[in-house]
């Protein structure tokens with residue numbers, strides 16, 4: 001049975017009437033059954049929701065684990081949960097109850113896309129695994145996110161911190177002679193969520209031509225190794241095992257923070273022209289022509305000497321002064337800001353990083369969707385949902401279609 005039980009336009013109109021979304025985004029009329037929780041899956045489905053998809057977030061009676069992850073919070077609600085769940089509709093269902101499981105199946109029956117991050121094999125007991133569902137929904141795009149795949153890593157818990165450790169990421173983070181550090185955010189959950197949205201959209205595009213869905217599988221470790229880009233490729237292609245270098249870059253110099261008179265400033269030189277302009281701004285233009293520093297390779301080989309010279313010149317001005325002077329001559333640089341300062345800096349650039357999701361007394365400040373569309377803009381109609389807060393609307397939507405589904409076993 002096809003999930004598209006009516007024309008796309010008619011479905012989009014019905015969804016707009018029942019759920020109240022304006023239907024302007026590029027995915028308006030697309031329905032996503034979101035069986036994921038915590039971060040990687042919810043981040044993926046929020047991106048799809050922002051683009052207009054109707055995302056039905058199916059939660060247990062206890063709700064997404066992230067609802068309890070405090071502090072910090074906003075009016076008692078976890079900001080972790082709020083960060084990845086806007087524009088969704090929540091319904092709480094008990095998979096172990098046959099009647100409620102039947103409702104889950106009805107949601108799946110009317111969806112175009114399903115996203116889940118259960119432990120490998122966890123949905124099989126409910127008949128909601130890919131093999132079972134694809135037999136009666138061959139057109140469904142079914143995305144599964146795991147920590148370490150479904151073979152040898154199936155039993156490993158899917159935590160971002162484990163992926164940072166096992167991928168080699170932590171071996172690269174921290175000072176050269178210090179202890180390894182994790183990134184300050186669950187980086188590989190986010191990267192996996194991004195990869196998931198890309199894979200889903202690719203499979204959905206193909207479905208439009210073939211009429212058939214497919215299984216899109218992702219795991220944190222594969223996303224981590226892909227996300228390590230030049231560092232992982234240094235080993236697989238060059239046989240070089242990268243090591244911790246603090247804030248330095250393995251291939252470029254200068255490319256790290258330097259102390260100015262009052263505080264540090266990041267200087268990131270990527271080519272010889274930028275280095276020449278840097279030297280001129282520092283008042284030592286001849287430095288760019290010295291054999292020790294004239295090329296990328298030479299600067300890498302003589303880092304210590306170059307750093308000593310730069311620190312001496314940078315000490316005569318404050319970081320903000322250098323920031324203005326270096327940017328004026330197109331030398332990449334930046335002060336090191338706290339998160340609040342970073343948000344305000346983006347605001348100063350006109351990037352409008354804060355988007356209010358929802359309306360009235362349920363209007364939550366969130367971080368704006370990173371993509372702008374010239375014809376089909378994203379919207380922020382729905383605040384992150386309260387647990388089971390959209391049950392009536394979801395049930396009304398199910399009643400509006402009455403698709404035939406297999407009976408729950």
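Each value in this text was obtained by applying a stated rule to the coordinates, not by laboratory testing. Keep in mind it's a predicted model, so treat the numbers as computed, not measured. Using ideal geometry, Cβ is built from the backbone for each residue, glycine included, and neighbour counts are taken over all protein chains shown.
Which ordering of 397, 69 is given by a fewest-first count of other beta-carbon atoms within 10 Å? Let's see the in-between values first.
On the way: 397 22, 69 15.
The most exposed by this proxy come first: 69, 397.
Note on residue 68 and residue 286: the model spin-label points, each 7 Å out from Cα along the C-beta direction, lie 6.9 nm apart. With Cα atoms defining each centre, the stretch 163-186 and the stretch 28-56 are spaced 30 Å apart in the structure.
Using a Gaussian network model of the chain in which every pair of alpha carbons under 10 angstrom is joined by a spring, one finds that among 17, 155, 341 the greatest mean-square fluctuation is at 341. Treating r as the C-beta distance of residue 134 and residue 96 and R0 as 25 Å, the FRET efficiency rounds to 0.65.
Panel note: the C-alpha atoms of the stretch 175-321, placed on their principal axes, show extents of 65, 36, 35 Å (largest first).
Just want to confirm a number: the relative contact order over the chain, from Cα pairs under 8 angstrom separated by 6+ residues, in percent. If you can, show how the numbers build up before the last one.
Numbers: 736 pairs, mean separation 80.5, N = 409.
Relative contact order for the chain comes out at 20 percent.
Tell me, Kirkwood radius of the stretch 100-212 from alpha-carbon pair distances, in Å?
In the stretch 100-212 this quantity evaluates to 16.2 Å.
Using the Cα atoms as the points, what is the convex hull volume per residue of the stretch 216-299 in Å³?
Per residue, the Cα convex hull of the stretch 216-299 comes to 151 Å³.
For the chain, the alpha carbon convex hull comes to 175 Å³ per residue, rounded to a whole number.
Most exposed first by the Cβ proxy, i.e. fewest other Cβ within 10 Å, how do 349, 35, 93 rank? Don't skip to the end; give the middle numbers.
On the way: 349 9, 35 25, 93 20.
Result, fewest neighbours first: 349, 93, 35.
Annotation: the residues 88, 57, 263, sorted from fewest to most other C-beta atoms within 10 Å of their own C-beta, follow the order 263, 88, 57. Most simply put, the chain has about 40% antiparallel DSSP beta bridges, counting only bridges with both residues inside it.
Scaled against 2.2 N^0.38 Å for its residue count N, the alpha carbon radius of gyration of the stretch 31-152 is 1.05. The stretch between residue 341 and residue 241, if pulled fully straight at 0.36 nm per residue, gains 32.4 nm over its current Cα-Cα span. A helix-only calculation puts the chain at -11000 deg cm²/dmol for mean residue ellipticity at 222 nm, using -39500 (n - 2.57) for each DSSP H run of at least four residues, averaged over all residues.
What is the helix-to-structure angle for 40-50, meaning the angle in degrees between its Cα long axis and the longest Cα principal axis of the chain, kept from 0 to 90 and rounded to the nearest 10? Computed tilt is about 80 degrees. Taking the square roots of five times each eigenvalue of the Cα gyration tensor of the stretch 264-335, the equivalent ellipsoid has semi-axes of 19, 13, 11 Å, listed largest first. Model label sites at residue 171 and residue 330, defined 7 Å from Cα along the beta-carbon direction, differ in position by 4.0 nm.
Highest mobility in the GNM of the chain, judged by mean-square fluctuation with C-alpha springs under 10 Å and restricted to 197, 167, 78, is found for 78. Comparing mean-square fluctuations of 200, 267, 91 from a GNM of the chain with C-alpha springs under 10 Å, the top value falls on 267. Fraction of C-alpha pairs exceeding 13 angstrom in the stretch 193-242: 65 percent, rounded to a whole number.
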